[in-house]
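I have a structure here, written as structure tokens, and I will follow up with some questions on it.
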Amino acid sequence: MTQIAPIFKREFLGYFRSPVAYVFLIVFLMASVGCAFFLGSFFSANSASLESYFTFLPWLFIAFVPAAGMRLWSEERRSGTIELLFTLPVTTLEAVLGKFLAAWAFLCLALLLSFPLVLTIAYLGSPDWGVMASGYLGSMLMAGAYLGVCSLTSSFTKNQVISFVISVFVCFVLVLLGWSVFTDFLGGYLALPGWLVDVVSNFSFKPHFDAFIKGIIDPKDIVFFLSLAGFCLFLNVLVLEP
Amino acid sequence: MIEVKGLVKDYGALRAVDGVSFTVRRGDILGFLGPNGAGKSTTMKMITGFLRPTAGTVLVGGHDVTAEPVAVKRQVGYLPENAPAYPEMTVEEFLGFIAETRGYRAAAPRQEHVERVIGLCHLGPVRRQSIETLSKGFKQRVGFAQALLHDPPVLVLDEPTDGLDPNQKHEVRRLIRQMAAEKAVILSTHILEEVDAICTRVIIISRGQVVVDNTPEGLRARHGGARLDEIFRTLTQTDT
């Protein structure tokens, strides 16, 4: 497991060695904060919370996490560096974890760069710091779960466009699963039994994340995000094993 | 150092490598010859642990590549075909990364190993340039430097002189010959003169099978003093 460190370092700094990091961070900040201001009526809601920022993250992540994750393995396959990486004394698990953690750290950085919002709120009102921290924790865990999916899908192909499109589709479905329109469709139109609808909708990101926004840190939700990411990474290792 | 026994690799219905066996000892420079698609690269990828053999075994320094891939990878320096490297990194950053994964974590030994191969492969003038901006010749040398970084007992070089100009080719051959005494070297090539220039042994592979395993001199003697390219053509003609 000691080999994770150099791989993590290379991958994380890799974002900043090309314009990818800067373009990603700037556009993500504009989109996420823009949603909070213009769609979430950050000011007129007149509450000292980040709820209007967090609410839109599950939707924004559908596009942005695949954008950060699509290169993880596709790029290695396309440029042939995968042959270099897997002839270094590194196990597949170490490589998968190192790259995943680097991309996750990058996404966490993108989230934390919204800190001026926090400062603004602290200046204008007296926020509940616990709720805010729980929102950030939930966002980071959710980003990890999205990223697990993206890391897996990017290992299937050397084409980054295919990797991106499939990742977006899977993430979109995972958000939709908990949407009432979708569950009504399953329960009503397809007449599935209630317990099955519950099982399916339980795989949605949104209900698990909504608890965090409200300031509820339920171990169940933490386990959900971590185990989803873990399961995807497990499959990722299987895909990459020679 | 390297023992290959009955190596087979299937891609679906296609058998790319079909029962290849040979051994390479310390001090050997084995030239791996064959037409394109004969299975040279596939065999090398199995020796380095990148591909899993369908059947057969590879032992490197006594370690089985399927059972102990990491132990094998520690002992092997590998230059893949076309010398892939992370394009956005500079030469120094890239070699630093390789040094870290090779276990040189502290700054001093890492720097020492990087400096050694930068000197050995004449990368000084481009050390702070990103790899994507390098010419083919420099890229190839970066790949070579990466393979030599941990001074491995086994070197596997897939077309090491590809894309180099005649002076650089000469330099790389000199380097290989210089190091060969303490190492086991396998190199694949299309260039038959290269085999005469540096190899102590030749294996010609055709349609996934070994058709010749001999010294360059022995090979010529058996074919009545014919030139190497004539021998190569007679033995592999069925492929074209």
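If A:Arg78 meets every condition in (1) farther than 18 Å from A:Phe156 by Cα; (2) within 14 Å of another protein chain (Cβ to nearest Cβ); (3) among the charged types (D, E, K, R) apart from one, which number is that one?
So A:Arg78 meets the others, but not (1).
If I ask for residues that are touching a Gly at 6+ places or on another chain (Cβ under 8 Å) and crowded, with 19+ Cβ neighbours inside 10 Å, which ones from segment A:164-189 would you list?
As a first pass, look at segment A:164-189 and keep what is touching a Gly at 6+ places or on another chain (Cβ under 8 Å): A:167, A:187.
Listed by number, the list holds a single entry, A:Ser167.
Continuing with the same structure: Are any residues in segment B:123-143 of a type in the set (D, E, K, R) and within 14 Å of another protein chain (Cβ to nearest Cβ), and if so, which ones? Walk me through it before giving the result.
As a first pass, look at segment B:123-143 and keep what is of a type in the set (D, E, K, R): B:127-128, B:132, B:136, B:139, B:141.
Within segment B:123-143, B:Arg128, B:Glu132, B:Lys139 meet the criteria.
Which of (1) assigned to a helix (DSSP H, G or I); (2) within 14 Å of chain B (Cβ to nearest Cβ); (3) not polar (S, T, N, Q) is the odd one out, the single condition A:Ile62 does not satisfy?
A:Ile62 satisfies all of (1) assigned to a helix (DSSP H, G or I); (2) within 14 Å of chain B (Cβ to nearest Cβ); (3) not polar (S, T, N, Q) except (2).
Please determine whether any residue of segment B:128-136 is assigned to a helix (DSSP H, G or I), surrounded by 19 or more Cβ atoms within 10 Å (Cβ to Cβ) and touching a Gly at 6+ places or on another chain (Cβ under 6 Å). Let's see the steps before the verdict.
Our first condition is that a residue be assigned to a helix (DSSP H, G or I); within segment B:128-136, this holds for B:131-133, B:136.
Applying the additional criterion that residues be surrounded by 19 or more Cβ atoms within 10 Å (Cβ to Cβ) yields B:131.
Checking the rest, the ones that are also touching a Gly at 6+ places or on another chain (Cβ under 6 Å) come to none.
No, segment B:128-136 has no match at all.
From the list A:Val118, A:Val181, A:Val173, which residue is free of Cβ contacts under 8 Å to residues at least 60 places away in the same chain and more than 29 Å from A:Phe234 (Cα to Cα)? Walk me through it before giving the result.
Numbers: A:Val118 fails: free of Cβ contacts under 8 Å to residues at least 60 places away in the same chain; A:Val173 fails: more than 29 Å from A:Phe234 (Cα to Cα).
It is A:Val181.
Within segment B:214-230, how many residues are modelled with pLDDT under 80, assigned to a loop (DSSP other than H, G, I, E, B) and surrounded by 12 or more Cβ atoms within 10 Å (Cβ to Cβ)?
Here is the first cut: in segment B:214-230, the residues modelled with pLDDT under 80 are B:219-230.
Still in the list and also assigned to a loop (DSSP other than H, G, I, E, B): B:223-227.
Adding the requirement that they be surrounded by 12 or more Cβ atoms within 10 Å (Cβ to Cβ) leaves B:223, B:226-227.
Result for segment B:214-230: 3.
Find the residue count for segment B:165-197, including only residues that are surrounded by fewer than 20 Cβ atoms within 10 Å (Cβ to Cβ) and of a type in the set (A, V, I, L, M, F, W, C).
So the count comes out to 7.
Under the condition of being hydrophobic (A, V, I, L, M, F, W, C) and without any contact (Cβ under 8 Å) to a residue 60 or more places away in the chain, which residue from segment A:51-80 is surrounded by the fewest Cβ atoms within 10 Å (Cβ to Cβ)?
A:Leu60
Next question. Within segment B:1-16, track down each residue that is loosely packed, with under 15 Cβ neighbours inside 10 Å and either of a type in the set (Phe, Trp, Tyr) or not in a strand (DSSP E or B) (or both).
B:Tyr11, B:Gly12, B:Ala13
Where residues in segment A:81-96 are farther than 23 Å from B:Thr42 by Cβ and within 14 Å of chain B (Cβ to nearest Cβ), which of them is surrounded by the fewest Cβ atoms within 10 Å (Cβ to Cβ)? Write out each step before concluding.
Looking only at segment A:81-96, we keep the residues that are farther than 23 Å from B:Thr42 by Cβ, and these are A:93-94, A:96.
With the extra rule that they be within 14 Å of chain B (Cβ to nearest Cβ), the set shrinks to A:93-94.
Values: A:Leu93: 17, A:Glu94: 22.
Per the criteria, the residue is A:Leu93.
Say we look at segment B:59-88 and pick out the residues that are under 23 Å from B:Ser130 (Cβ atoms), more than 15 Å from the chain's Cα centre (by Cα) and surrounded by fewer than 21 Cβ atoms within 10 Å (Cβ to Cβ); which of these is farthest from the other protein chains (Cβ to nearest Cβ)?
Looking at the filtered set, the residue picked out is B:Pro87.
Residue-by-condition table, conditions (1) away from chain A (no Cβ under 14 Å); (2) buried (at least 22 other Cβ atoms within 10 Å of the Cβ); (3) at pLDDT 95 or above; (4) part of a loop (DSSP other than H, G, I, E, B):
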| residue | (1), (2), (3), (4) |
| --- | --- |
| B:Asp18 | yes, no, no, no |
| B:Gly27 | yes, no, no, yes |
| B:Leu30 | yes, yes, no, no |
| B:Ala38 | yes, yes, no, yes |
| B:Thr42 | no, no, no, no |
| B:Leu51 | no, no, no, yes |
| B:Thr57 | yes, no, no, no |
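Is it the case that B:Leu95 is modelled with pLDDT of 95 or more and of a type outside the set (Val, Ile, Thr)?
Working: modelled with pLDDT of 95 or more: yes; of a type outside the set (Val, Ile, Thr): yes.
So B:Leu95 passes the test.
Might you check whether a residue that is out of contact with any Pro (no Cβ under 8 Å at 6 or more places or on another chain) and part of a helix (DSSP H, G or I) occurs anywhere in segment B:148-158?
Kept after step one, since they are out of contact with any Pro (no Cβ under 8 Å at 6 or more places or on another chain), are these residues of segment B:148-158: B:148-157.
Adding the requirement that they be part of a helix (DSSP H, G or I) leaves B:148.
Yes - at least one qualifying residue is present in segment B:148-158.
Also, I was wondering about something else. Are there any pairs with C-beta distances below 6 angstrom linking a residue in segment A:86-109 that is hydroxyl-bearing (Ser, Thr, Tyr) to a residue that is in a helix (DSSP H, G or I), with the two at least 6 apart or on different chains, and if so which?
Close Cβ pairs (under 6 Å, with a partner that is in a helix (DSSP H, G or I)) amount to A:Thr87/B:Lys73; A:Thr92/A:Val237; A:Thr92/A:Leu240.
In the list B:Ala85, B:Ala71, which residue meets the criterion of being part of a loop (DSSP other than H, G, I, E, B) and among the aliphatic types (A, V, I, L, M)? Steps first, answer last, please.
Details: B:Ala71 fails: part of a loop (DSSP other than H, G, I, E, B).
Selected residue: B:Ala85, the only one of B:Ala85, B:Ala71 that is part of a loop (DSSP other than H, G, I, E, B) and among the aliphatic types (A, V, I, L, M).
Which number in (1) in contact (Cβ under 8 Å) with a residue 60 or more places away in the chain; (2) within 9 Å of another protein chain (Cβ to nearest Cβ) marks the one condition that B:Gly103 misses?
(1)
Of all the residues that make up segment A:26-50, how many are surrounded by 18 or more Cβ atoms within 10 Å (Cβ to Cβ) and within 19 Å of A:Gly215 (Cβ to Cβ)?
Here the count works out to 5.
In addition: I'd like to know if segment A:105-113 contains one or more residues that are surrounded by fewer than 19 Cβ atoms within 10 Å (Cβ to Cβ), under 30 Å from B:Ala83 (Cβ atoms) and within 9 Å of another protein chain (Cβ to nearest Cβ). Outline the logic, then answer.
Our first condition is that a residue be surrounded by fewer than 19 Cβ atoms within 10 Å (Cβ to Cβ); within segment A:105-113, this holds for A:105, A:108-109, A:112-113.
Next cut, under 30 Å from B:Ala83 (Cβ atoms) only: A:105.
Of the ones still in play, those that are also within 9 Å of another protein chain (Cβ to nearest Cβ) are none.
There is no residue in segment A:105-113 that is surrounded by fewer than 19 Cβ atoms within 10 Å (Cβ to Cβ), under 30 Å from B:Ala83 (Cβ atoms) and within 9 Å of another protein chain (Cβ to nearest Cβ).
Could you check how many residues of segment A:1-54 are within 14 Å of chain B (Cβ to nearest Cβ), among the hydroxyl-bearing types (Ser, Thr, Tyr) and assigned to a helix (DSSP H, G or I)?
Looking only at that region, the number is 2.
I'd like to check something: does segment A:190-210 contain any residue that is surrounded by 15 or more Cβ atoms within 10 Å (Cβ to Cβ) and not in a helix (DSSP H, G or I)?
Keep residues of segment A:190-210 that are surrounded by 15 or more Cβ atoms within 10 Å (Cβ to Cβ), which gives A:192, A:197, A:200-201, A:204-210.
Next cut, not in a helix (DSSP H, G or I) only: A:192, A:204.
Yes, because at least one residue in segment A:190-210 is surrounded by 15 or more Cβ atoms within 10 Å (Cβ to Cβ) and not in a helix (DSSP H, G or I).
The values are calculated or read from the model by the stated rules, or taken from the named source; none is laboratory data. Owing to the predicted nature of the structure, the values given are computational and were not obtained by experimental measurement. Positions of Cβ are generated from backbone atoms using ideal geometry, with glycine treated the same way; all protein chains shown enter the neighbour counts.
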